[in-house]
Amino acid sequence: NLVCADTREGQVLRGLLERLDEMRQQMGDQVFDVVSALVTDLDMDALMTQMSVADETQDSQMQALEKILEAMERGAQRLAQWQEPPRPLEPGRYRQLRERSRQYRLSPEYAQHYCVDLLRAMDEEPRAVGADRSDPGDAAVFAVAPQRKAVRELLDVPAGQDVRLTFRQASMDLTPKPRFLAMGSPEYDGLLALGRAQGSAALAQGALFADPDLPPDQCYLLWFLEAAVYDGRGEAVERCLLAVRQNSDAMCAAPAYALIDLAPAPEVARPEPWMLAAAREPERPLSWSLANQQGDLLEEARSGRREIVARRRAATLADARAAAQDASSRYAEAAFAGADDAEALERAKEQAEARVRGLGRRYAREETLWLAPARMVAVAGVVSLDQPPDERPDQRPDVAAAAMAHAMAYERAHGREPVDVSGDYAGTHSFDVRSSGPGGLRFIEVKGTVSGNVFLSETEHRTAAKLGDSYYLYIVSDPLQHPRLRIVRDPASHLQPDQRLHQGVRYLYHAATWLAASTEG
């Protein structure tokens, strides 16, 4: 900061940064761990206050810098003692964390589709740029000539003037250069605010969605609630969106992304009477979530926080106790000898002992976690949607199971090692098999068909576009009697859907379409 560069605080900061640059040559990014330890070991507020009020002739900034550098050296030595030989990763330990990360993370693909859908809902006309004929939600760059005042002001363009937008960093090298809509940028946050303004009233009243895979006689409610865990200092440790699926007679947990592959229900659709009655009683799903979801959230947060605090407590309290013991010994020697500085050493001893007690209280508060009352965010009703007659045979579980078995056997016969991961990537990525071996890693979506038609969901379609050449569509015709495998590599580039069903929730490909783009397995 150039404003404070010539102040005493600025001189300390410059000296600290110079030393960090030197240490980074030997330690790499681990130097930041030393800084973290430094902040814990040293009372920076007291040190900087003492320096600021000292007489300028006392060279207080150099004294403060020397204390900071000494603390950094101790931190570096302690860090070296903490080093352990690397241990093999245990993927099972991180499965839940990985799944929760997928639920929380808003990927650029979904952010782009949301942005395009929102602009359309506001009567704007986003379109793919150049030779890219894909949907603007999938395009590398899309453009819009905003007409509505709110959109014009947000994007800072005159009415009717084109503005090019992209969610992909790689597209920033194009000419003319598009505007990068990074998640977290003012423009994207502004679009989110417009979306909330557009849909908040509907969310509060409840929205109705259609599930193409739901049998005609079934329906359910989806409740979305925000849960939070705080520590003893009142700081948020964990925040997450939870979903509860409520049927007419029971409740169960649902993924937070449960609405991604659903479409708004047709205007003629109506919720069942029990859904309207249940939607007026949010206390029931809140109570169910407290007993069945939020307790697990609190326990996971406690487990992770205990491990973090234990590592910090062991190091910092050991140093603080050693410093207190040293201060006590110095005071005892001075008091016994009747030295003039005995009174100052006594104060130093009391300060060191107070620091030990303060650290103990601090870590106790950090380790004490509590669950805040959950906040209900929204409720959605989900009803069935009559499917086209030729779609139903391909949805039978025995057809899907036979197709999967045939695809797995094919992979093994060709020297690869397939792993069934169906369901693991629901909501963010979608494929059924991860196969490794000759030819590299394959992400495989398996489809069985009796009618010749193949359907991809919105999530499967976006996953294919994201993974490109690594994504394979394995289509097994007549899997129950005479299975025959056809393979389409990178279907997002080589297949154009013959029809988009249910407002884009399903992409339909006729047999002639996928046969022309496939090779025989």
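Assess whether Gly439 counts as being farther than 30 Å from Pro266 by Cα and either modelled with pLDDT under 90 or surrounded by 16 or more Cβ atoms within 10 Å (Cβ to Cβ) (or both). Steps first, answer last, please.
Working: farther than 30 Å from Pro266 by Cα: yes; either modelled with pLDDT under 90 or surrounded by 16 or more Cβ atoms within 10 Å (Cβ to Cβ) (or both): yes.
Yes; evaluated as a whole, the condition is true for this residue.
Within the set of pairs 6 or more residues apart or between chains, which connect a residue that is in the same structural domain as Gly304 (by TED's automatic domain parsing) and surrounded by 14 or more Cβ atoms within 10 Å (Cβ to Cβ) inside the range 365-377 to a residue that is among the aromatic types (Phe, Trp, Tyr) and in a helix (DSSP H, G or I) with Cβ atoms less than 8 Å apart?
That search, which allows pairs on different chains as well, returns nothing.
Residue pairs, Cβ under 9 Å, 6 or more apart or interchain, first in the range 166-194 and touching a residue at least 24 places away in the same chain (Cβ under 8 Å) and outside any loop (DSSP other than H, G, I, E, B), second loosely packed, with under 15 Cβ neighbours inside 10 Å and among the acidic types (Asp, Glu). List them.
Glu187/Asp156; Gly190/Glu153
Restricting to helices (runs of 4 or more DSSP H) lying wholly in the range 451-521: which have 3 or more residues that are in contact (Cβ under 8 Å) with a residue 60 or more places away in the chain?
Values: elements: 458-467, 491-494, 511-516.
Correct list: 458-467.
May I ask you to say which residue of Ala227, Ala301, Ala254, Ala258 is farther than 23 Å from Gly381 by Cα and within 24 Å of the chain's Cα centre (by Cα)?
That would be Ala301, the only listed residue that is farther than 23 Å from Gly381 by Cα and within 24 Å of the chain's Cα centre (by Cα).
Could you list, ordered by first residue, the pairs with Cβ atoms under 7 Å in which the first is in the range 195-213 and in a strand (DSSP E or B) and the second is at pLDDT below 75 and of a type in the set (Val, Ile, Thr), at least 6 apart or interchain?
Correct list of pairs: empty, since none qualify.
Would you say Arg152 is in the same structural domain as Pro108 (by TED's automatic domain parsing), among the basic types (Lys, Arg) and surrounded by 16 or more Cβ atoms within 10 Å (Cβ to Cβ)? Explain how you work it out, then say what you get.
Details: in the same structural domain as Pro108 (by TED's automatic domain parsing): yes; among the basic types (Lys, Arg): yes; surrounded by 16 or more Cβ atoms within 10 Å (Cβ to Cβ): yes.
Here the answer is yes, as Arg152 does meet what is asked.
If you check Val244 against the conditions, is it touching a Cys at 6+ places or on another chain (Cβ under 8 Å) and either modelled with pLDDT of 90 or more or not assigned by TED's automatic domain parsing to the domain that holds Val379 (or both)?
Working: touching a Cys at 6+ places or on another chain (Cβ under 8 Å): yes; either modelled with pLDDT of 90 or more or not assigned by TED's automatic domain parsing to the domain that holds Val379 (or both): yes.
In short, yes.
Which condition does Gly184 not pass, out of (1) over 30 Å from Val377 (Cα atoms); (2) surrounded by fewer than 17 Cβ atoms within 10 Å (Cβ to Cβ), if it passes all the others?
(1)
Where residues in the range 236-251 are within 20 Å of the chain's Cα centre (by Cα) and among the charged types (D, E, K, R), which of them is nearest to Trp370 (Cα to Cα)?
Filtering first and then ranking leaves Glu238.
Kindly indicate whether any position in the range 125-141 is surrounded by fewer than 13 Cβ atoms within 10 Å (Cβ to Cβ), of a type in the set (S, T, N, Q), assigned to a loop (DSSP other than H, G, I, E, B) and on the phi < 0 side of the Ramachandran plot. Steps first, please.
Here is the first cut: in the range 125-141, the ones surrounded by fewer than 13 Cβ atoms within 10 Å (Cβ to Cβ) are 125, 130-131, 133.
Keeping just the survivors that are of a type in the set (S, T, N, Q) gives none.
Checking the range 125-141: not a single residue is surrounded by fewer than 13 Cβ atoms within 10 Å (Cβ to Cβ), of a type in the set (S, T, N, Q), assigned to a loop (DSSP other than H, G, I, E, B) and on the phi < 0 side of the Ramachandran plot.
So for the range 256-273 (the condition being in a helix (DSSP H, G or I) and assigned by TED's automatic domain parsing to the domain that holds Trp223), does at least one residue qualify? Reasoning before the result, please.
Going residue by residue through the range 256-273, those that are in a helix (DSSP H, G or I) are 273.
After this cut, where a residue has to be assigned by TED's automatic domain parsing to the domain that holds Trp223 as well, the list is 273.
So far as the range 256-273 goes, yes, one or more of its residues are in a helix (DSSP H, G or I) and assigned by TED's automatic domain parsing to the domain that holds Trp223.
The values are calculated or read from the model by the stated rules, or taken from the named source; none is laboratory data. It should be emphasised that the depicted structure is a prediction, and the values quoted were computed from it without experimental measurement. A quick note on method: Cβ atoms are made from the backbone with ideal geometry, for glycine too, and the neighbour counts reach across all protein chains shown.
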